[in-house]
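Student: Below is the structure I would like to discuss, written out as structure tokens.
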Amino acid sequence: MPGTGVRLDCTGYLAPEERLEQVSSSLKGVLAVHGRLVLAAGPPQPCPWAQNVWFEPTLLRVTSIADAAAQLRGLQRNWWPYAFQLYRRSELTREKLPFVAAKPLRFPEPAPSAPLGSFTWLDSDQLLCSARCSSPFPNGEPRFVEFGEDEGPPSRAYLKLFEALTLMGAMPAAGQRCLELGASPGGWTWVLGTLGSRVLAVDRAPLAPRVARMRGVEQRLGNAFAITPQSMGAIDWLLSDVICYPDKLYRYVCSWLDAGLCSNFVCTLKFQGREHYAAIERFAALPGGRVVHLFHNRHELTWLRRPD
Ligand SMILES: C[S@@+](CC[C@H](N)C(=O)[O-])C[C@H]1O[C@@H](n2cnc3c(N)ncnc32)[C@H](O)[C@@H]1O
């Protein structure tokens, strides 16, 4: 019966696979951990590692799977299970709820606009749910129609850029000028070339020949950080997937912000072990930007910035 839920004074943070430690250690007031879902006291806290944030979670006491589905439907239409146990029960609940297609996106198709709630079974008569989550994708996992390596992108890194641009809701337009650092073998360059932008792709290693031949792509071999705002002039997008210390990337990005010569950024922050996590806060504090963990990131975060 709808209306029996108890709103909890906490927020839920769903950690990516193998990143539970990063999520739980970055939160204050951890109350409980259910699989990869961490509940921490009070309103939302900054947590770049979280894959999906469950706002205002509610505890539902239920008498059956049908009752659970009815209570969820009473809150809103679209739901997706996060199952860390009671898998069959989760699946049966999903089957009783309105159908959610969750089809892989065909990039550059936009992210779904409909809100998607999340629920998880805690035991056979209690369900935790959130009608409002930070991600419109099931458990914060955007899936895309993929391309084989023989068809186009020479690495799977293109999926990171698909996801980053989809989350930003912005794309390099045809003819826009992009500087791409750490481009080899060319997964990101292939995306940018496909969008029709003009790309200077810099790496010490070469691009795959078929990417280097794409219209609008110019390849430069050498140290990416040797390219300065002054030597390059105004650009529309700066994209970096360079393997380097995050502090080095931070100083480089600041040189572009200070010069005022670029306003759209997609930059991967790469980590080895737990070192250099202090750089996360520095990136997060840059005006107009945000730090996220993409589903397609590994031990990395991505700093995104677009003009207001
Ligand atoms: C993760 S790979 C990039 C993959 C690429 N985004 C793609 O989609 O195929 C990182 C790249 O950074 C390059 N790299 C690392 N340090 C560099 C530097 N200082 N200057 C130029 N390239 C660098 C490496 O050669 C490597 O190709």
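Here, each number is a calculation from the coordinates, and none is a lab measurement. Because the structure is a prediction, the values reported are computed rather than measured. Please note: Cβ atoms are built from the backbone with ideal geometry, for glycine as well, and neighbour counts cover all protein chains shown.
Student: Just want the ordering: Ser135, Ser24, from fewest to most Cβ atoms lying within 10 Å of their own Cβ.
Tutor: The most exposed by this proxy come first: Ser24, Ser135.
Student: What is the extension gain from Ser25 to Leu221, computed as 0.36 nm multiplied by their sequence separation minus the C-alpha to C-alpha distance, in nm to one decimal?
Tutor: Result for the pair: 66.5 nm of gain on full extension.
Student: Separate question: Can you compute the modelled spin-label distance between Tyr245 and Arg156, with each label point 7 Å from Cα toward Cβ, in nm?
Tutor: For the pair Tyr245/Arg156, the computed spacing is 3.1 nm.
Student: Taking θ as phi - 60°, what are the ³J(HN,Hα) couplings along the stretch 46-62 by the Karplus curve (6.51, -1.76, 1.60), each to the nearest whole Hz, with x for Gly and Pro?
Tutor: x, 8, x, 6, 5, 8, 8, 10, 9, 7, 6, x, 10, 9, 10, 9, 10
Student: Bin all alpha-carbon pair distances of the stretch 158-305 at 10 Å intervals from 0 and give each bin's fraction as a whole percent.
Tutor: 12, 45, 37, 6, 0
Student: Hey, what did the chain get for relative contact order, percent, Cα under 8 Å, at least 6 apart?
Tutor: 13 percent
Student: Can you work out the FRET efficiency for the pair Asp125 and Lys103, with r the C-beta to C-beta distance and R0 = 41 Å, to the nearest 0.05?
Tutor: Computed FRET efficiency for Asp125 and Lys103: 0.80.
Student: A follow-up question, please. I'd like the trypsin sites (Lys or Arg not before Pro) in the stretch 1-61 restricted to DSSP loop residues with at most 16 other Cβ atoms within 10 Å, sorted by number.
Tutor: Hits after loop and neighbour filter: Lys28.
Student: Cα to Cα, under 21 Å, and not fewer than 8 places away if on the same chain: which lysines meet these conditions relative to Lys103?
Tutor: Lys160
Student: If you don't mind, another one. In terms of modelled amide H atoms, which long-range or inter-chain residues lie less than 5 Å from the amide H of Arg36?
Tutor: Result for Arg36 returns nothing.
Student: Let me ask something else about it. For Ala205 and Ala111, calculate 0.36 nm times their separation in residues minus their Cα-Cα distance, and state this gained length in nm to one decimal.
Tutor: Taking 0.36 nm per residue and subtracting the Cα distance, the gain is 30.5 nm.
Student: List the chymotrypsin sites (Phe, Trp or Tyr not before Pro) within the stretch 1-101 that DSSP assigns to loop and that have no more than 13 neighbouring Cβ atoms inside 10 Å.
Tutor: Phe99
Student: What nm distance separates the two modelled labels at Ala284 and Arg306, each placed 7 Å from Cα along Cα→Cβ?
Tutor: That separation, rounded to one decimal, is 2.2 nm.
Student: Based on the alpha-carbon gyration tensor of the stretch 6-140 and its eigenvalue square roots a ≥ b ≥ c, which shape applies: rounded if a/c is under 1.5, prolate if not and a/b is larger than b/c, or oblate? Walk me through the numbers before you get to the answer.
Tutor: Details: a/c = 1.67, a/b = 1.11, b/c = 1.50.
Cα axes put the stretch 6-140 in the oblate bin.
Student: Let me check against my output: what whole-number percent is the relative contact order of the stretch 6-140, with C-alpha pairs under 8 Å and at least 6 apart?
Tutor: Result for the stretch 6-140 is 27 percent.
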